[in-house]
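Everything below concerns the one structure shown next.
The values are calculated or read from the model by the stated rules, or taken from the named source; none is laboratory data. No experiment lies behind these values; they were computed from the predicted model shown. Neighbour counts are summed over all protein chains in view; Cβ atoms, including those assigned to glycine, are modelled from backbone coordinates with ideal geometry. These area figures cover heavy atoms from the full protein model, side chains too; ligands, DNA and RNA do not enter into them. Shrake-Rupley method; radii C 1.70, N 1.55, O 1.52, S 1.80 Å.
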Amino acid sequence: MAAAIPAVVSPYAGRKLTLREQLSISAFWFATNFHWGALLVIMLPHQVAALAPAYRVPALSLLTGVAAIVALIVPLIVGALSDRCTSAWGRRRPFIAAGVGINVVGLALMAITFSTTGPIKSVPHGEPTFGETLSVLVQSPGFLLFLLSYMLVQFGNNVATASYSGVIPDLVPEDQRGAASGYMALMSQLGTLFGAVGCGALLSGQPELVKYIVVGIVLAAVSLGTLLGIREVPLPFKPAPIKWVTYAKSLWIDPRKYPDFAWVWITRALVMLGFYSVLPFINYYLMDVIGIAKPDGAAAALTGVLLIASSVSGVYGGYISDRIGRKRVVYVANVVIAVMAISFIFCHNMTQVMLAGVFFGLGFGAYTSVDWALGTDVLPSKKDAAKEMAVWHIAMTLPQSLAAPASGYLISRFGMTTVVVAGETIYHYNIGGYSAVFILCAVCFALGAYFLKNVKGVK
């Protein structure tokens, strides 16, 4: 398969990338993480709670888990198409532009669906099972339309991200990939920070339609920084057509032949499983455990503190990893994260939560700074990098489809209590479920560090 794709020399080969070039390469990360910071941390939890107030945890589990299946499949197809794209604009940029356009259309449909759908009237009797709760949700046409709109968002975003995954292997000289990964981490963390704080604090109280408009404009406008700011060398000739059966078989990267790639894939999957077991439910944790009735502002503040810390460690972690090795950075980072995940169980107020968030952020930023560098270091091939990065990307998307349902099940399994406030029934999930989720997170990060010792080709 790889031999059918001609090698292309990077236009940046043989020289040091300038600051402007590094920022242009990483601009898309700011755009897409602004988008996800607003959606995952603030907008989706709030909107799901409005659509399904008595079933918010399993509803959010269903939404994020099912939509993540799109993120699992799309990169595998788009990565191969991008590797073979013969556009004069390059291999990656046409797909990035098309994906961002589809993403924006999906956001518009989500806004319309949410604005025209009322809450689910059904309320649970006693302690409904997780399956009974899902049955209620799938019988709601409004919720299903919202889910389908969100899946379109996932489709467009993953078309763009899958092709973009080949940019660093294509363009960045090998001895500068740690630095490029550090800039990627910085732009990712800042994007998530501005997305969460913007929608959770600055736009608090604004109609949801306004938030969707802001997210769509930022996504499209900042993506232009990458689309217009990077240079690509087009393929010199059209590669052979894809034989999809053969291609499907080629997605299996034999761990016996490429053990380093396999172990990096496994460790990343564990880390992402831990991270996405917690991320969707932070908003609800603040509501149910810390006792904050309207947690959007608190969630934005926690995300801000966490991401400021991770931005600092993210920039320096990439540079440090180029000097002392990727593995040492991951060992320290994952241990810090695992300990901090457990500490959230014992927090009783926002001051304690924010303090734990600072150290969690320092650890996660350091890990993120070497995440992509590790992946590019162990790629089996450089010619069809987007396809192989798509396989590596499964280590992030597959855990998303598993983590949210698993965490939703754990939280729901420990039951709910009800409180009547001003005649309104408020449903609170018990602390035991959240404790189980934080323990799961800690175990995953610890195992991610432990198994990295099996990677022999990276120091």
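Over the residues of the stretch 1-136, compute the C-alpha Rg and express it relative to 2.2 N^0.38 Å. If you can, show how the numbers build up before the last one.
Working: Rg = 21.0 Å, N = 136, 2.2 N^0.38 = 14.2 Å.
Taking N as the residue count of the stretch 1-136, the ratio is 1.48.
Against the chain, whose longest principal axis comes from its Cα atoms, helix 56-83 is set at around 10 degrees. Once you have a ≥ b ≥ c as the square roots of the Cα gyration tensor eigenvalues for the stretch 157-216, tell me rounded if a/c is under 1.5, and otherwise prolate or oblate according to whether a/b is larger than b/c. Oblate shape, in that a/c is at least 1.5 and b/c is the bigger or equal ratio. Shape annotation for the stretch 118-274: C-alpha extents along the principal axes are 61, 40, 32 Å, from largest to smallest. Sorting Trp252, Trp36 on solvent-accessible area from highest to lowest, probe radius 1.4 Å, gives Trp252, Trp36.
Using a Förster radius of 30 Å, what is the FRET efficiency between Thr418 and Val339 based on their Cβ-Cβ separation? Nearest 0.05, please. Walk me through the numbers on the way to the answer.
Numbers: r = 34 Å, r/R0 = 1.14.
Approximately 0.30, to the nearest 0.05.
Rounded if a/c is under 1.5, else prolate if a/b beats b/c, else oblate: with a ≥ b ≥ c from the C-alpha gyration tensor eigenvalues square-rooted, which is the stretch 210-363? Taking the square roots of the gyration eigenvalues as a ≥ b ≥ c, the stretch 210-363 is prolate. Every pair of different Cα atoms in the chain enters the Kirkwood calculation, which places the hydrodynamic radius at 22.3 Å. For Ile426, the residues whose amide H sits under 5 Å from its own are Val419, Val420, Val421, ignoring neighbours fewer than 5 places away on the same chain, with H placed 1.01 Å from N.
With the simple spin-label model, which puts each label point 7 Å out from Cα in the Cβ direction, the Ser10 to Asn454 separation comes to 2.9 nm. Protein heavy-atom accessible surface, 1.4 Å probe, per residue over the stretch 227-273: 61 Å².
Annotation: peptides 82-93, 131-142, ranked by per-residue average of other Cβ atoms within 10 Å with the highest first, follow the order 82-93, 131-142. Contact order for the chain, expressed relative to its length and based on alpha carbon pairs under 8 Å spaced 6+ residues apart, stands at 28 percent. Taking 0.36 nm per residue of separation and subtracting the Cα-Cα distance, full extension of the segment from Thr246 to Leu402 would add 53.4 nm. Ranked by the mean number of other Cβ atoms within 10 Å of their residues, highest first, the peptides 188-196, 425-433 come out as 188-196, 425-433.
Within the stretch 166-196, name every residue whose backbone N is under 18 Å away from a label modeled 7 Å from Cα of Ala98 along the Cβ vector. Residues 166-167 fall inside that zone. With respect to the chain, whose longest principal axis is taken over its alpha-carbon atoms, helix 259-278 is tilted by about 20°.
Could you work out what % of the accessible surface of the stretch 12-131 is carbon and sulfur, using a 1.4 angstrom probe and leaving DNA, RNA and ligands out of the count?
Details: 2970 of 4140 Å².
Roughly 72 percent, rounded to a whole number.
Solvent-accessible area of Lys257, all protein chains in place: 140 Å² (probe radius 1.4 Å, heavy atoms, ligands and nucleic acids excluded). Computed on protein heavy atoms with a 1.4 Å probe, the accessible areas place Met350, Met184 in the order Met350, Met184, largest first. Overall, the chain carries a charge dipole of about 1260 debye about its Cα centre when +1 sits on the Cβ of Lys and Arg and -1 on the Cβ of Asp and Glu, all other atoms neutral. With only the Cα atoms considered, the stretch 178-260 has a convex hull volume of 225 Å³ per residue. Using the Cβ-Cβ distance between Lys121 and Arg20 with R0 set to 60 Å, the FRET efficiency works out to roughly 0.65.
Please give the calculated 222 nm ellipticity per residue for the chain, where each DSSP H segment of at least 4 residues contributes -39500 (n - 2.57) and the sum is spread over every residue; nearest 500 deg cm²/dmol?
Roughly -23500 deg cm²/dmol at 222 nm, from the helical runs in the chain.
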